[in-house]
Every structure is written in structure tokens, then in C-alpha cells.
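Have a look at the structure below before the remarks.
Derivation of every value follows stated rules applied to the coordinates shown; laboratory data play no part. Just so it is clear, the model here is predicted, and its values are computed rather than measured. A quick note on method: Cβ atoms are made from the backbone with ideal geometry, for glycine too, and the neighbour counts reach across all protein chains shown.
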Amino acid sequence: MVSSSPDLMRPRDDSTRGLSSRVGFLLAQLGTHRHRRFAERLAPLDLHPRHFGIISHLAANEGQSQQALSRTLGLHRSAMVALVDDLEDRGLAERRRDPVDRRAYALYLTAGGRELLVELERAADDDEAELLTDLDASERNTLVSLLQRLAESQGLTAGVHPNLDPGDDRTPAT
């Protein structure tokens, strides 16, 4: 006799249970979700997570050339030019002639760019707090430490997203 119990009537889906135990899937799932949520936080500012990435790196490395920043971030030169043009048009960054090599330009954040960075960091902090709300401080520290170790073991550059392509809005750039 076949039982009509609701539990026995539901199809068993082992494939989703299997994915939910795979680290790569979970990281991709959480990363995509957080990218979307962070993009939503930045939308009222008419910014994208890639702007936060570029502004953060520029703030930490002011005075370097576009070419040097492009190499650091693994961006094609033309993509870097477009991003810096956008930041410059928004009054957030500026190019200044390099005093050593007059053919090159050094990049700097403007006062407005530094003010915006404070706001962006606050949004990133809020986003991270939302993600980690179910973890205590010790668990948060452990998670960050483990993820940093994994990223390093994969040869990833600390603090650099492996794909900051400005033409791909589906790819996180934080």
C-alpha cells in the first residue's frame, strides 16, 4: 500500500542537497547574492561595485600611473582608461602630469572622491554585517582568515577581484 503522506509524495532532489554541500557552489551563490545586494546599495549613488574597487585601490595607491594601476588590478589599459575617464567626469579622480615622466599621468582622488569613499566603505560595512549577522566575532574572524588563506593558495592577489571588466555588469568588482 502506498502512503499518501506529504513527505513521501515529495520528489527527492539529491542534486540540490549535493550542491548545497559543495564549497565552490556556496561561494559562488553567496558571492553572486552579495554582489547584487551591494549593487542595490550603490544604485542610489549611480555607482557600481567596480567603482568601489577602483576608488579603494586608487585611495591606497595615489600618485601611480594608470598603467601601474591597470597592471595591479589586471585590467586592460583601455578598460582602465574608461574607468578613470568615468571617475574624472564625476569629479571623483583626477589625472596629473607625472613630475618625473611628463608623458605619463599620475592618478589621484579628489576631495569628493575621498568623501565618497567614506560613504562607500560604510555601505560595504553594512553589506558585510548583513551577510555575517548569524556569526559571532570569533566565527567572522575565522571565516575571513580561512578565505584569505584559500585565496592566497590559489595565487590570487590580495584585495583584487579577478575580473574587474567594466563591460560585464554580472561580475562582482568589490
- prompt: In segment 96-132, which trypsin sites (Lys or Arg not before Pro) fall in coil by DSSP and have 11 or fewer other Cβ atoms within 10 Å?
  reply: Arg102, Arg103
query: Once you put a point 7 Å from the Cα of Arg122 and another 7 Å from the Cα of Arg22, both along the Cβ direction, what distance in nm separates them?
result: 4.1
task: May I have the extent of the alpha carbons of segment 39-121 along their three principal axes, as whole Å values ordered from largest to smallest?
output: 40, 26, 21
In sequence order, calculated HN-Hα J values of segment 133-150 (Karplus, 6.51, -1.76, 1.60; Hz; x Gly/Pro): 4, 8, 10, 7, 4, 5, 5, 4, 4, 5, 4, 4, 4, 5, 5, 4, 4, 5
field: In range of the label at Arg90: residues from segment 26-44 whose backbone nitrogen is under 15 Å from the point 7 Å along Cα→Cβ
entry: 38-44
- prompt: In nanometres, what is the gap between the two model label sites at Gln148 and Tyr105, each 7 Å from Cα along Cα-to-Cβ?
  reply: 3.5
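Using unit Cβ charges (K, R positive; D, E negative) and no other charged atoms, how large, in debye to the nearest 20, is the dipole of segment 25-153 about its Cα centre?
Here the size comes out at about 660 debye.
Given a Förster radius of 22 Å and the C-beta distance between Thr72 and Thr133 as r, what FRET efficiency does 1/(1 + (r/R0)^6) yield to the nearest 0.05? Can you show the working numbers first?
Working: r = 33 Å, r/R0 = 1.48.
Efficiency, from the Cβ-Cβ distance: 0.10.
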